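The values are calculated or read from the model by the stated rules, or taken from the named source; none is laboratory data. Since the model is a prediction, treat every value here as computed from it, not as a measurement. FYI the Cβ positions are ideal-geometry reconstructions off the backbone, even for glycines, and counts take in every protein chain you see. Note: areas computed on protein heavy atoms with side chains; ligands, DNA, RNA excluded. Shrake-Rupley method; radii C 1.70, N 1.55, O 1.52, S 1.80 Å.
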Amino acid sequence: LYDVLRFASTINSTVNIVNLNVEKNDASVSIEGPKYILSGLENAYYVKVESVGDVSYTVQINLDGKKYSEFTSKGDHVELINIALKSGYHKLEAKLMTKDYNLENNIYYQSLNVLDKPKVLYVSSGAGTPIKKIFSNIYDLTSQTTIPNNLNPYFGIILDNLPSGMLEKHTEQF
């Protein structure tokens, strides 16, 4: 602040300082996290409470109308919750329970669209590699040792350690 005031005086400017006093205590709640997630995978959501003044509160987190979690705090706070869901639409709700000035910002809703894991073909000439285990957690993985003629059922294809000759009949040259 001192440097700013010194600079302002060198350019002949005026600096005004405003001291705001809290008239009424208030808090608000929100949820930050993805709206589209994959079935069965754990996702992080942050329940964020921002407050002005001296506000103590309890936040109840509901998932599809049922109590999922709850925490009590005072002042600004961020709570991490991890959720893994099955496919379909779900409703996440954070409900701020306190006596404050503005009641309209005490409930926050977030809709979640949980998608099925994409079907992916994993083709490898040898035994499973560590990367296969990683992909099997993320995708609906079908493992084969050769590339089938019909690739339409698959969203993607992972080729792991295959000889180039195996790919020739499935690719085009430009």
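Laid out as a table, the results:
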item	result
Amide H contacts under 5 Å for E70, placed H, 5+ residues apart	I61
DSSP beta bridges in the range 88-174 [antiparallel fraction, %, rounded to 5]	45
I157 accessible area, 1.4 Å probe, all protein chains in place, Å² to nearest 10	80
Sites excluded, trypsin sites (Lys or Arg not before Pro) in DSSP loops with at most 13 other C-beta within 10 Å, longest stretch of the chain	100-174
Centre separation in Å (Cα based) which lies between the range 50-78 and the range 119-142	41
Largest-first ordering by accessible area, 1.4 Å probe, given options E42, E23, E93	E23, E42, E93
Kirkwood hydrodynamic radius of the chain, Cα pairs, Å	21.3
Accessible surface, the chain, averaged per residue in Å² (probe 1.4 Å)	70
Apportionment of accessible area to carbon and sulfur, the chain, percent (1.4 Å)	50
Fraction of alpha-carbon pairs over 20 Å apart in the range 8-82 - percent	51
Percent of C-alpha pairs per 5 Å bin, the range 91-151, short to long	4, 13, 16, 11, 9, 6, 7, 7, 8, 7, 6, 4, 3, 0
Cross-link partners of K132 among lysines (Cα-Cα below 20 Å; sequence separation of 8 or more within a chain)	K117, K119
Value of [θ]222 nm, deg cm²/dmol, for the chain, DSSP H segments ≥ 4, -39500 (n - 2.57) each, nearest 500	-3000 deg cm²/dmol
Residue (of L103, N82, T129) at the positive-pole extreme of the range 68-135, dipole from beta-carbon charges	T129
In the range 1-103, lysine pairs with alpha-carbon atoms under 20 angstrom apart (chain gap of 8 or more, or interchain)	22
